[in-house]
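> Next up is a structure, given as structure tokens.
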Amino acid sequence: MRDSLNNYEKILKEIEDIKKRVGRTDDVLLLAVTKMVDEDLVRKFIGYGVTDIGENKVQDMEKRIEVFGDSVNYHLIGTLQRNKINKIIGKTKLIHSVDSIRLIDAIDKRSEREGVVTDFLVQLNISGEETKSGFSEEELDAFVKHVKELENVRLRGIMTMAPHVEDEDLIRSVFRRARELKEKIQNDDQSLAMDYLSMGMSHDYKIAVEEGSTIVRLGTILFGERNY
Ligand SMILES: *Cc1c(COP(=O)(O)O)cnc(C)c1O
């Protein structure tokens, strides 16, 4: 196996170098996407300094919580079914994948019952690919208006995925648009705390950091290829 610590530190340095090059002084969180990763390897990375891990299935996240408890923060990054919300409310730092009004209403209701406020990101499908979930740009205003009325959830930013293509300009345009939309929402309502822009995966995180990502979601580049 390659030296996973060297690799991890190389990626952190890469992110810092890009920030410096584009004149950024804000933070970029490296979210380690641990889906299907062996428990011992996850533990190793927590030892390296990983503070936040992401899973895309509720049951996988529950298992991580059982094992790692309070030693890391948990992010849900995949499609969330409403009948599973009760298993994770109060246990996530951030839900990245809110893609419908019905879902956020259910999260709000459950959060109220648990006496917590749940931070979340709205997932945007900027490229309009049918295989991707998320709101279109056209739907965004109405969604934001809706969630501002909810008291037990807090919109903290935008999550998006670029199309999986070689065309860097296309990828960049998606990330740039996500940033513009986040800034617009923030400018329209200063009472919101739109701190997060969750974008960039193994193949495109460098472009994402150039374009203002504050959370990169990295799996393959840290842990190697898995079948997902
Ligand atoms: C799997 C996954 C990632 C990580 O993808 P890699 O290409 O392995 O870095 C990021 N975001 C989401 C939503 C994922 O499902």
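The values are calculated or read from the model by the stated rules, or taken from the named source; none is laboratory data. Note that the structure is a prediction, hence the values are computed from the model and not measured. We place every Cβ from the backbone using ideal geometry, glycine too, and count neighbours over all the protein chains shown. When the accessible area is computed, the model is the full protein with side chains, heavy atoms only, and any ligands, DNA or RNA have been set aside. Shrake-Rupley method; radii C 1.70, N 1.55, O 1.52, S 1.80 Å.
> Counting Lys and Arg as +1 and Asp and Glu as -1, what is the net charge of the other residues whose Cβ lies under 13 Å from the Cβ of I88?
Details: positive: K57, K63, R64, R82, K84, K87, K91, K93, R110; negative: E55, D60, E62, E66, E114, D119.
Its environment carries a net charge of +3.
> Over the Cα atoms of the stretch 14-137, what is the Rg over Rh ratio if Rh follows Kirkwood? Working shown, then result.
Numbers: Rg = 16.0 Å, Rh = 15.9 Å.
That ratio equals 1.00.
> Choose one answer from D119, D204, D167: the residue with the largest mean-square fluctuation in a GNM of the chain with alpha-carbon springs under 10 Å.
D167
> Quick one: pull the percentage of alpha-carbon pairs in the stretch 14-86 with a separation above 18 Å. Could you put the intermediate results ahead of the total?
Working: 1211 of 2628 pairs.
Percent of Cα pairs beyond 18 Å in the stretch 14-86: 46.
> Using only helices, what value at 222 nm comes out for the chain when you add -39,500 (n - 2.57) per DSSP H run of length 4 or more and divide by the total residues, to the nearest 500 deg cm²/dmol? Don't jump to the answer; show the numbers that get you there.
Values: 8 runs with 97 residues, N = 228.
For the chain, the value works out to -13000 deg cm²/dmol.
> Moving on to the next point. Tell me the per residue accessible area of the stretch 68-223 using a 1.4 Å probe; a whole number in Å² is fine.
47
> Accessible area of the chain with a 1.4 Å probe: how many percent of it is carbon plus sulfur?
Carbon with sulfur: 44 percent of the solvent-accessible area.
> Still on this structure, please answer the following. Once the convex hull of the alpha carbons of the chain is built, what does its volume come to per residue, in cubic angstrom?
Per-residue hull volume (Cα only) is 129 Å³.
> Okay, moving on. May I ask which of K93/K148; K91/K148; K13/K63; K35/K132; K63/K206; K63/K132 have a Cα-Cα span longer than 24 Å here?
Beyond 24 Å between Cα atoms: K13/K63; K63/K206; K63/K132.
> How far is the Cα center of the stretch 108-170 from the Cα center of the stretch 38-98, in Å?
Taking the Cα centre of the stretch 38-98 as reference, the centre of the stretch 108-170 is 18 Å away.
> According to a simple spin-label model (label point 7 Å from Cα along Cα-to-Cβ), what is the distance in nm between R154 and L170?
It works out to 3.8 nm between the two label points.
> What per residue convex hull volume, in Å³, do the alpha-carbon atoms of the stretch 77-130 yield?
Value for the stretch 77-130: 80 Å³ per residue.
> Tell me, what is the 1.4 Å probe accessible area of E39, in Å² to the nearest 10?
Its accessible surface works out to 80 Å², give or take rounding.
> Given N residues in the stretch 100-224, what is its alpha carbon radius of gyration divided by 2.2 N^0.38 Å?
After normalising by residue count via 2.2 N^0.38 Å, the value is 1.09.
> Report the net charge of residues surrounding A142, where surrounding means a beta-carbon distance below 12 angstrom and charges are Lys +1, Arg +1, Asp -1, Glu -1.
Around A142, the surrounding residues sum to -3.
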